[in-house]
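Here is the structure we will look at, set down as structure tokens.
The values are calculated or read from the model by the stated rules, or taken from the named source; none is laboratory data. Worth saying up front: this structure is predicted, and the values here are computed from it rather than measured. Note that we place each Cβ from the backbone using ideal geometry, even for glycine, and neighbour counts take in every protein chain shown.
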2 protein chains.
Amino acid sequence: MSRSSSRKASAAVSAARPRPGVAPLRGAAEGMSIAGVAEQAGVSVATVSRVLNGHENVRPATRDKVLAAVDASGYRVNELARNLRTAESRLLLTMVPDVGNPFYAEIVRGIDSVARQHGYFMLLCDTGADPGRERSYFDLLRRRRADGAICLDPATIQQALGETSSALPWVACCEFDPAMGVPYVGIDNYRAAGDAVRHLLARGHRRIGLINSDVDYLYARQRQQGYLDALSAAGITPDERWRMNLNSLDYEAGASAAATLMNQPQAPSAIFAVSDTLAIGVIHGLRSVGKRVPDDIAVVGFDDISLAAQIDPPLTTIAQPMRELGETAARLLLQRLANPLANVPGVLLPHRLVIRGSA
Amino acid sequence: MSRSSSRKASAAVSAARPRPGVAPLRGAAEGMSIAGVAEQAGVSVATVSRVLNGHENVRPATRDKVLAAVDASGYRVNELARNLRTAESRLLLTMVPDVGNPFYAEIVRGIDSVARQHGYFMLLCDTGADPGRERSYFDLLRRRRADGAICLDPATIQQALGETSSALPWVACCEFDPAMGVPYVGIDNYRAAGDAVRHLLARGHRRIGLINSDVDYLYARQRQQGYLDALSAAGITPDERWRMNLNSLDYEAGASAAATLMNQPQAPSAIFAVSDTLAIGVIHGLRSVGKRVPDDIAVVGFDDISLAAQIDPPLTTIAQPMRELGETAARLLLQRLANPLANVPGVLLPHRLVIRGSA
DNA sequence: TTGAAAGCGCTAACAC
DNA sequence: GTGTTAGCGCTTTCAA
């Protein structure tokens with residue numbers, strides 16, 4: 001828009017100083033381009049580029065001249081230009097439904113660390129489960145703003161599968177369907193949920209409630225099935241009134257769900273919540289209706305966010321290897337980018353039951 | 001580093017198709033550029049560009065032709081090229097010390113929402129308080145990868161002030177020095193801390209502990225001064241043993257600090273922690289040494305993250321308008337980008353004491 | 001080992 | 001209203 005004048009002007013300035021010898025000392029920043037550095041160093045732009053990119057075939061003396069000029073001018077490569085030329089943005093998109101959820105935060109850290117190790121930056125997008133936003137993020141890929149994407153948002157994934165996005169360079173993390181033809185990393189949700197329920201069973205509970213998210217999501221269905229089958233295997237017929245499906249993982253959602261669940265005859269004596277945030281809310285909700293945990297009601301969560309160990313009582317939960325989940329997702333994506341043809345495998349990471357005070 | 005080979009191949013492919021005449025019908029995606037669309041629509045690239053950018057001076061019929069061609073080809077603008085041409089990346093960098101901290105997460109949401117409203121995307125960077133990473137992020141600005149930055153990391157800010165970064169387009173959020181010549185948004189930390197202490201005083205406490213972060217940080221010094229002055233004003237001589245400085249805001253840090261604090265004669269009867277995460281850890285730590293909150297020890301936190309209301313006992317805390325903090329920071333930055341010369345003001349947002357069960 | 005020059009795909013003068 | 005064309009700043013042939 002209003003850019004041409006200033007930039008042009010400064011370019012002119014540097015062009016207007018063919019003064020040999022002493023560097024004109026025009027401080028750092030702005031106007032300086034690779035051409036200016038070349039001029040100051042008395043070499044061609046090609047040579048400057050070679051030095052900047054660490055190519056071997058440059059005479060040490062030449063290299064030093066260039067480096068000196070770069071130093072003196074405070075030049076920084078314009079990655080906008082570099083990106084166009086090399087046709088890559090070196091940006092990885094990460095889509096999460098909610099940055100505020102500690103579970104996602106830790107995964108995001110894992111992604112970020114691997115990405116940075118490989119010279120990529122991470123563009124974090126909070127979809128807020130908003131379909132409009134969700135769709136537009138995949139477009140970032142098509143518009144070359146990002147080289148690849150990692151999606152953690154179940155809703156987005158459901159939607160992506162329905163569209164033509166399978167050709168795009170992305171991987172699924174935590175929420176996935178092995179049949180979907182997109183690389184993924186996650187855990188065995190079915191077994192994990194079963195492990196949680198079996199723990200409760202072993203503690204003598206027979207009436208076990210399930211506070212789940214929307215069964216539109218794969219992971220929710222998998223965990224529900226794990227819950228159901230574990231109950232059946234113990235000879236218990238699951239009561240439908242013990243189950244609730246929420247469209248949020250917020251603390252508040254868990255709190256009110258717990259209150260609702262307790263407000264019925266034959267209320268459960270234990271609750272399995274599919275997320276620690278939900279479970280923490282559940283404990284709060286239970287307390288608000290006068291129930292003590294674990295004495296009156298046992299609670300098991302899912303994820304093992306760092307907070308789980310801090311609350312009262314400390315939360316018994318299924319630990320997911322969050323950091324590794326993120327790191328693996330990033331590696332899978334990088335692999336796919338490096339070799340678009342090779343088919344990248346799906347990977348399942350181990351989970352683990354962590355027994356603390358709540359159940 | 002290893003980025004040359006693959007790219008070369010694809011460039012060659014598209015370059016090898018100067019075939020004139022009938023559009024090769026090469027479906028959607030890949031190779032398609034604005035020139036291809038122009039050809040299919042039978043117009044010039046300039047016209048396509050005009051349509052794409054919503055310029056008015058295009059005949060409806062022409063516009064339709066172009067749109068049809070865009071549709072048929074599945075063309076998406078290459079923003080790499082656009083960015084170079086317009087000399088802006090439309091990316092805003094946000095630097096936080098820790099994405100996992102719910103306090104920052106909420107602010108980040110505020111930034112993201114304003115950014116997106118204005119056609120920018122947010123590049124989130126977790127500095128992890130690592131000086132190396134910190135420094136490299138400001139370089140993103142110099143390399144034109146981001147148009148501007150919002151910094152939430154105290155350590156990074158301290159360092160940025162020492163360097164020549166004041167010329168860069170960035171704003172400070174939460175941590176700031178009015179004298180630093182960089183736009184900022186935050187709260188009145190001095191008064192806020194005073195309010196917390198006065199609340200405790202009003203509840204009859206005389207021995208009030210302070211669990212603070214590193215006094216290298218401006219906000220930490222401001223809150224400490226607020227604490228000290230409030231105590232003095234009440235005729236109390238602050239005991240140095242009541243104060244602790246931590247280099248982390250993690251739950252664990254708060255927990256162990258609390259244990260340490262209690263492990264001395266004349267231990268405080270109340271604790272003011274400068275962050276809710278710390279305060280939650282404190283409550284946990286207190287419990288682990290057999291102290292009950294608030295009966296034995298009162299606890300006041302700072303921030304009012306959503307979790308504060310959920311724990312047992314619910315946390316009394318100083319609420320910061322997190323969402324607004326983020327939104328304001330983004331607006332300040334956008335303002336600065338729109339008009340680099342105008343001097344953007346510093347803004348202070350109101351805080352508020354939220355009284356719950358812990359004190 | 002170095003330089004000249006051809007673009008990457010787009011926008012915006014400037015003509016017509 | 002529409003087309004022609006000149007770059008944006010960089011990387012990478014290709015030739016010397």
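Here are the numbers for the structure shown:
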item	result
Only listed residue being at pLDDT 95 or above and not in a helix (DSSP H, G or I), chosen from B:G226, B:G204, B:G194, B:G254	B:G204
Output for region B:77-94, where each listed residue is within 8 Å of chain A (Cβ to nearest Cβ) and either under 8 Å from the mean Cα position of the chain (by Cα) or at positive phi (or both)	B:A87
Criterion violated by A:V171 - all others in (1) in a strand (DSSP E or B); (2) free of Cβ contacts under 8 Å to residues at least 60 places away in the same chain satisfied	(2)
Residues being of a type in the set (G, A, S), at the interface with chain B (Cβ under 9 Å from one of its Cβ atoms) and either touching a His at 6+ places or on another chain (Cβ under 7 Å) or within 22 Å of A:N247 (Cα to Cα) (or both) - total across region A:118-135	1
Tally of residues being part of a loop (DSSP other than H, G, I, E, B), at pLDDT 95 or above and touching a Lys or Arg at 6+ places or on another chain (Cβ under 7 Å) across region A:263-304	4
Selected residue (criterion: farthest from the other protein chains (Cβ to nearest Cβ)) from residues of region B:136-150 that are in a helix (DSSP H, G or I) and free of Cβ contacts under 8 Å to residues at least 24 places away in the same chain	B:S136
Total residues in region B:34-66, condition under 17 Å from A:R143 (Cβ atoms) and away from DNA strand D (no atom under 11 Å from the Cβ)	5
Residue satisfying condition, being of a type in the set (V, I, T) and out of contact with any helix residue (DSSP H, G or I) (no Cβ under 6 Å at 6 or more places or on another chain), within set B:I236, B:I208	B:I236
Any hit, region A:109-124, residues being within 20 Å of A:R221 (Cβ to Cβ) and in contact with a Gly (Cβ under 9 Å, 6 or more places away or on another chain)	no
Matching residues, region A:174-191, being part of a helix (DSSP H, G or I), surrounded by fewer than 23 Cβ atoms within 10 Å (Cβ to Cβ) and not hydroxyl-bearing (S, T, Y)	A:P178, A:A179, A:M180, A:R191
Residue count, region B:256-274 (criterion: touching a Ser or Thr at 6+ places or on another chain (Cβ under 7 Å) and more than 15 Å from B:L200 (Cβ to Cβ))	1
Residue that is closer than 30 Å to B:G119 by Cβ and hydrophobic (A, V, I, L, M, F, W, C), where the choices are B:L349, B:L353, B:L249	B:L349
Contacts under 9 angstrom Cβ, first residue in region B:105-117 being at the interface with another protein chain (Cβ under 8 Å from one of its Cβ atoms), partner aromatic (F, W, Y) and crowded, with 21+ Cβ neighbours inside 10 Å, 6 or more apart	B:D112/B:F121
Pick from region B:39-56, criterion without any contact (Cβ under 8 Å) to a residue 12 or more places away in the chain and among the hydrophobic types (A, V, I, L, M, F, W, C), ranking: surrounded by the fewest Cβ atoms within 10 Å (Cβ to Cβ)	B:A46
Filter pass, B:P97 being without any contact (Cβ under 8 Å) to a residue 40 or more places away in the chain, more than 9 Å from every other protein chain (Cβ to nearest Cβ) and either more than 16 Å from DNA strand C (Cβ to nearest atom) or aromatic (F, W, Y) (or both)	no
Single residue of A:L307, A:L333, A:L337 found to be outside the structural domain of A:N212 (by the TED database), in contact with an Asp or Glu (Cβ under 8 Å, 6 or more places away or on another chain) and not in a loop (DSSP other than H, G, I, E, B)	A:L337
Residue match in region A:195-206 (condition: in contact with a Gly (Cβ under 9 Å, 6 or more places away or on another chain) and surrounded by fewer than 22 Cβ atoms within 10 Å (Cβ to Cβ))	yes
Any hit, region B:57-71, residues being within 11 Å of chain A (Cβ to nearest Cβ) and either surrounded by fewer than 21 Cβ atoms within 10 Å (Cβ to Cβ) or at pLDDT 95 or above (or both)	no
Residue within region A:234-246 that is crowded, with 22+ Cβ neighbours inside 10 Å and not hydroxyl-bearing (S, T, Y) present	no
In region B:137-166, the residues that are touching an Asp or Glu at 6+ places or on another chain (Cβ under 9 Å) and of a type in the set (G, A, S)	B:A155, B:A160
Residue under evaluation A:E252, criteria (1) surrounded by 19 or more Cβ atoms within 10 Å (Cβ to Cβ); (2) under 26 Å from the mean Cα position of the chain (by Cα), criterion not met	(1)
Among the residues listed as B:A308, B:A329, B:A298, B:A342, the single one being surrounded by fewer than 17 Cβ atoms within 10 Å (Cβ to Cβ) and at negative phi	B:A342
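Rundown of residues vs (1) away from DNA strand C (no atom under 12 Å from the Cβ); (2) β-branched (V, I, T), yes/no style:
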| site | (1), (2) |
| --- | --- |
| B:S49 | no, no |
| B:N53 | no, no |
| B:E88 | no, no |
| B:N101 | yes, no |
| B:I107 | yes, yes |
| B:G128 | yes, no |
